[in-house]
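Just below is one structure, and these are the notes that go with it.
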Amino acid sequence: METREEIKEQKNPITEGVIWKQLLIFFFPIAVGTLFQQLYNTVDAVVVGRFVGKQALAAVGGSAAVLANMVVGFFTGLSAGATVIISQFFGARDWKRLEQGMHTAYAFSLLFSILISIAGFLLAPWLLEIMKTPADTMADSVLYLRIYFLGLVFTLIYNIGASILRAIGDSRRPLYYLIVCCIINIVLDIVMVVFFHWGIAGAAIATIIAQAVSAVLVTRELMRSTVIPKLQLKAIRIHGAMLREEFRLGLPGGIQSLMYSLTNIIIQTSVNGFGTDTAAAWAAYGKLDAIFWTITGAFGIAITTFSGQNYGAGKKDRVRKSLRVCLGLSLSTASVILTFLFIACHPLYRIFTTDREVIEIGTYMLRFIAPSYLIYTLVEIFSGTLRGMGNVLIPTLITLGGVCLIRLPWVLFVVPAYGQLSTLLLSYPVAWAATALLLVPYYFWKMKK
């Protein structure tokens, strides 16, 4: 592997290579890696849904999953500030400040995970209760969520370590680590649930062990790096000025993710009101839906890194070209995913459950929401480009407007008035369309200015 001195003399493919080719080279490891990361919870859902029952499926993929995703999503949005800074420092070859940013990000990750783990463990029953979790899934949901919170530190450490590697253009190693750990998770799921009959607890423990392995591997890679300054455990501490800058860039994204999650909690509460069958169908839908979010999110990470490094290198025209290329690739891929889900949704649901009612409800959900994926693609790519340039406040406010001013009132007031599942599902495309109509013109205005 090249040293920092050798890299400094080389051309950076992200800032100087063929854009579409470098985007795909960067994108594929992220997409495949994220798919494997999604497999953690998906395998949990499949195993417990098939071998324990639909109540267990609703517990693993329902309220507990929404709460877990809220924490991880908020942290990921918050840590995006560190990712942007590190990508810009790497583009500018500023090793000293890159080192400070990396150690600050790790220190904050450890502190955040400890505090949230304690709070989550203690508040799990109350949180699930206010979400109107069905009574026949409550005990399993509490158990799964508490075990998940106990292992949260491994999830967050892997996420920040993988983000740092991707920020410097290395998207392959996070992929390799996830493949290894996903295999571990699958094997442990089968052993603990199918053979040991540990049920929900077995699925949760398997996930924690797998995440612990991934956290160790990504941290070990940063400690041995010759591309950037090595991560040193004794040097992990918070640099005040650096943390403030990371918060400045990351806090809007964290708040945006938190608002999305709070909306999802309200939606999950509404879904729970339709009964266990609908809750189980929604849980399985969330796993199939992850195919789209994985691909689109990978393009979002790719364009953020491309935008950040090119902006740091002073190549603003290349930022514009990168957006156009990435948007075309992302829309094309989303169309393929949409077609696949429409055609294959029925057999895909049978992977999770054999309950006919659950399958029918889930198929209806998927076919109702899936066409609007194309709208959200615009939101992801344009906001990712702006984030990479360090412009996070206005895009965040626009996105929050779609959530707070459109989706939230819709779920709180329109859905109860009609009491129909279709009205609830409609909140997604309506909110995404409103966000895109504001965000896209803002990007062009900002670039012209």
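The values are calculated or read from the model by the stated rules, or taken from the named source; none is laboratory data. Worth saying up front: this structure is predicted, and the values here are computed from it rather than measured. We place every Cβ from the backbone using ideal geometry, glycine too, and count neighbours over all the protein chains shown. The protein model used for the area step is the full one, side chains on, heavy atoms only, and it has no ligands, DNA or RNA in it. Shrake-Rupley method; radii C 1.70, N 1.55, O 1.52, S 1.80 Å.
Give me the dipole magnitude in Debye, nearest 20, for the chain about the Cα centre, with unit charges on the beta carbon: positive for Lys and Arg, negative for Asp and Glu. If you can, show how the numbers build up before the last one.
Values: 36 positive and 23 negative charges, 303 e Å.
Dipole size: approximately 1460 debye.
Helix 172-189 versus the longest principal axis of the chain: what is the Cα-based angle in degrees, 0 to 90, to the nearest 10?
That helix lies at roughly 20 degrees to the long axis.
From the helices alone, meaning DSSP H stretches of at least four residues, give me the mean residue ellipticity at 222 nm for the chain, per-run term -39500 (n - 2.57), in deg cm²/dmol to the nearest 500. Don't skip to the end; give the middle numbers.
On the way: 19 runs with 366 residues, N = 449.
For the chain, the value works out to -28000 deg cm²/dmol.
Run the numbers on segment 342-449 and let me know its relative contact order in percent, using alpha-carbon pairs under 8 Å that are six or more apart. If you can, show how the numbers build up before the last one.
Details: 73 pairs, mean separation 35.9, N = 108.
Once divided by the residue count of segment 342-449, the mean separation gives 33 percent.
Which residue, V213, V84, V187, has the most motion in a Gaussian network model of the chain that connects Cα atoms within less than 10 Å?
Of V213, V84, V187, the most mobile in the Gaussian network model is V187.
Mind putting a number on the dipole of segment 99-172 about its Cα centre? Charges go on the C-beta only, +1 for Lys and Arg and -1 for Asp and Glu, and I need it in Debye to the nearest 20. Before the final figure, lay out each step's value.
On the way: 4 positive and 5 negative charges, 22 e Å.
Here the size comes out at about 100 debye.
Under 15 Å from the Cβ of L288, count the other residues' Cβ atoms, weight Lys and Arg +1, Asp and Glu -1, and hand me the total. The partial results should precede the final answer.
Working: positive: K287, R350, R367; negative: D44, D289, E360.
With Lys, Arg at +1 and Asp, Glu at -1, the neighbours total 0.
Starting at the first residue of segment 203-220, write each ³J(HN,Hα) from the Karplus equation 6.51 cos²θ - 1.76 cosθ + 1.60 with θ = phi - 60°, in whole Hz, x for Gly and Pro.
Working through the residues one at a time gives 5, 5, 5, 4, 5, 5, 4, 5, 5, 5, 4, 5, 5, 5, 5, 5, 5, 4 Hz.
How far is helix 427-448 tilted, in degrees, relative to the longest principal axis of the Cα atoms in the chain, given as a value from 0 to 90 rounded to the nearest 10?
10
Mean separation of Cα pairs under 8 Å and 6+ residues apart, divided by the residue count of the chain: what relative contact order is that in percent?
Numbers: 680 pairs, mean separation 110.9, N = 449.
Over the chain, the number comes to 25 percent.
Determine which aspartates and glutamates satisfy two conditions relative to K96: a Cα distance under 18 Å, and not lying fewer than 8 residues away in the same chain.
The qualifying aspartates and glutamates are E5, E6, E9, E245, E246.
If you take every residue apart from V218 with its C-beta less than 13 Å away from the C-beta of V218, what net charge results, scoring Lys and Arg +1 and Asp and Glu -1?
Values: positive: R166, R172, R173, R220, R224; negative: D170, E221.
The answer is +3.
Of F247, W293, I266, which is farthest along the charge dipole of segment 238-333 in the positive direction, counting Lys and Arg as +1 and Asp and Glu as -1 at C-beta?
After comparing all options, I get F247.
Can you tell me the 0 to 90 degree angle between the C-alpha axis of helix 316-350 and the longest principal axis of the chain, rounded to 10?
With both axes taken from Cα atoms, the answer is about 20 degrees.
Find the centroid of the Cα atoms in segment 347-407 and in segment 156-177, then give the distance between the two in whole Å.
24
What net charge do the residues around K315 carry, taking every other residue with its C-beta under 11 Å from that of K315, with Lys and Arg at +1 and Asp and Glu at -1?
Numbers: positive: K316, R318, R320, K321; negative: E16, D317.
Taking every Cβ under 11 Å from that of K315, the sum is +2.
To the nearest 20 Debye, how big is the dipole of segment 288-382 about its Cα centre, given +1 on the beta carbon of each Lys and Arg and -1 on that of each Asp and Glu? Please report the intermediate quantities before stating the final value.
Working: 9 positive and 6 negative charges, 130 e Å.
Charge dipole, segment 288-382, about its Cα centre: 620 debye, nearest 20.
How do H346, H197 stack up against each other in accessible area, from largest to smallest, with a 1.4 angstrom probe? Write down the numbers at each step before the final one.
Working: H346 50, H197 145 Å².
Solvent-accessible surface, decreasing: H197, H346.
Using just the alpha carbons, could you tell me how many Å³ per residue the convex hull of segment 134-185 encloses?
On the way: hull volume 4.9 nm³, N = 52.
In segment 134-185, the Cα convex hull volume per residue is 95 Å³.
Pick from T207, T435, T226: which is most flexible by mean-square fluctuation in a GNM of the chain where alpha carbon atoms under 10 Å apart are linked?
Comparing T207, T435, T226 in the GNM, the peak value goes to T226.
Of all accessible surface on the chain at a 1.4 Å probe, what whole percent is carbon and sulfur? Each step should come with its number before you reach the end.
Numbers: 12130 of 18160 Å².
Exposed carbon and sulfur together represent 67 percent of the surface.
Can you tell me which of I85, I359, I114 moves the most in a GNM of the chain? Springs connect C-alpha atoms under 10 Å apart.
Its mean-square fluctuation being the largest, the pick is I114.
For the chain, with every protein chain kept in place, what is the accessible area per residue (1.4 Å probe, Å²)? Mind dumping the intermediate values first?
Numbers: 18160 Å² over 449 residues.
Roughly 40 Å² per residue, with all protein chains present.
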